[in-house]
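The values are calculated or read from the model by the stated rules, or taken from the named source; none is laboratory data. Keep in mind it's a predicted model, so treat the numbers as computed, not measured. A quick note on method: Cβ atoms are made from the backbone with ideal geometry, for glycine too, and the neighbour counts reach across all protein chains shown.
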Amino acid sequence: MKRHALSAAFTGTLLSVAMFASPAIAQDKEQFITIGTGGQTGVYYVVGQSICRLVNRLDDANIKCNAPSTGGSVANINGIKSGELDMGVAQSDVQYQAYNGTGNFEGDAFKDLRAVFRVHGEPLTLLARADSGIETLDDLKGKRVNIGNPGSGQRNTMQVVMDAKGWTMDTFSLASQLDAAEQASALSDNNIDAMVYVVGHPNGSIQEATTTVDARLIPLNDKDIQGIVSEYPYYSASVIPGGLYKGNPDDVETFGVAATFVTTAKADEEVIYQTVKAVFDNFDRFKRLHPAFENLVAEDMATQGLSAPLHKGAARYYRERGWIE
């Protein structure tokens, strides 16, 4: 009898503690966010990891961030749309296509897509083995070319180039679909003649390829490329500086996009606000995390190169800084 009384009293005490403790526990509950990136050798992976590093340093936000490797731009936006990802990195052209329902998203506009900020510029980079005979874009015909894995930014941009040229998969003797982490070794092992990569420079994958095999960056500046730049507002002419990679001492003309950071309108305003604040309140630290970030200008990242509307959490921070009205 005494034992039952003690047990009842103890149970009542636990219930009382739980009742009074619950609000505090709920208030301190950590929120977990996942950022979609890209291949581990690419800058997208560094972008996501860098943002998470700064978010996880926040003292009072109770946000825990992770940034796994993913298939890239298209995969990230699809992941955000499905709820598997909270945020992600995507090329500016893919952001435009997703929001407007064109390209890979034909007839399926993602109107809940929201921009957070622009990151670094990303030229389409064509690298060919020196023994392949490839010196121009048109020389890719009949060659073994890695056009990028489905869902990646390079595949998306290469498809735009192929459409402008009137090319199909049959244009090449082999149109491989390796992801970014696999293509450098494929080039070095003579399994492909050329690879394409939409990426900020300097880049580890290009570095790996040019140090293991004699390879050349190929210019992308003919009339068809100029037509692409003229037609689409999210593309611009670009230059890969000479001297970044072994055997490539000269500047190479190409075109490209910008990396952008995106989310959904359904994402919590405070979480996005704190994420943006973590980056821009620690902007000098962020710029030191990769050479591609070195010349970034904070206000330009908030106001340029974005096709989808700003998320309200991001807009709130930018208004506080006086960058937007």
*Restricting to the range 270-305, what's the tally of residues that are closer than 21 Å to Ile240 by Cα and free of Cβ contacts under 8 Å to residues at least 24 places away in the same chain?*
5
*asked:* Looking for something farther than 30 Å from Lys81 by Cβ, surrounded by 18 or more Cβ atoms within 10 Å (Cβ to Cβ), in contact (Cβ under 8 Å) with a residue 60 or more places away in the chain and not hydroxyl-bearing (Ser, Thr, Tyr) - is there at least one such residue anywhere in the range 239-246?
replied: yes
*Which condition does Ile77 not pass, out of (1) among the β-branched types (Val, Ile, Thr); (2) out of contact with any helix residue (DSSP H, G or I) (no Cβ under 7 Å at 6 or more places or on another chain); (3) crowded, with 16+ Cβ neighbours inside 10 Å, if it passes all the others?*
(2)
*Are any of the residues in the range 261-272 at pLDDT below 95 and closer than 30 Å to Leu137 by Cβ?*
no
*Please indicate, with yes or no, whether at least one residue in the range 219-237 is touching a strand residue (DSSP E or B) at 6+ places or on another chain (Cβ under 7 Å), part of a strand (DSSP E or B), modelled with pLDDT under 95 and not aromatic (Phe, Trp, Tyr).*
yes
_Kindly evaluate Glu320 against the criterion of being free of Cβ contacts under 8 Å to residues at least 24 places away in the same chain, exposed (fewer than 15 other Cβ atoms within 10 Å of the Cβ) and in a helix (DSSP H, G or I)._
yes
*Report, by residue number, each residue of the range 238-247 that is among the hydrophobic types (A, V, I, L, M, F, W, C) and not in a strand (DSSP E or B).*
Leu244
*Considering only residues of the range 77-120 that are among the aliphatic types (A, V, I, L, M) and within 15 Å of Tyr232 (Cβ to Cβ), which is nearest to the chain's Cα centre (by Cα)?*
Val94
_If Thr136 satisfies all but one of (1) under 25 Å from the mean Cα position of the chain (by Cα); (2) closer than 15 Å to Thr254 by Cα, what's the number of the condition it fails?_
(1)
_What are the pairs with Cβ atoms under 8 angstrom where one residue, in the range 71-82, is touching a residue at least 60 places away in the same chain (Cβ under 8 Å) and closer than 12 Å to Ala259 by Cα and the other, located anywhere, is among the small types (Gly, Ala, Ser) and surrounded by fewer than 23 Cβ atoms within 10 Å (Cβ to Cβ)? Sequence gap at least six, or different chains._
Gly72/Gly151; Ser73/Gly151
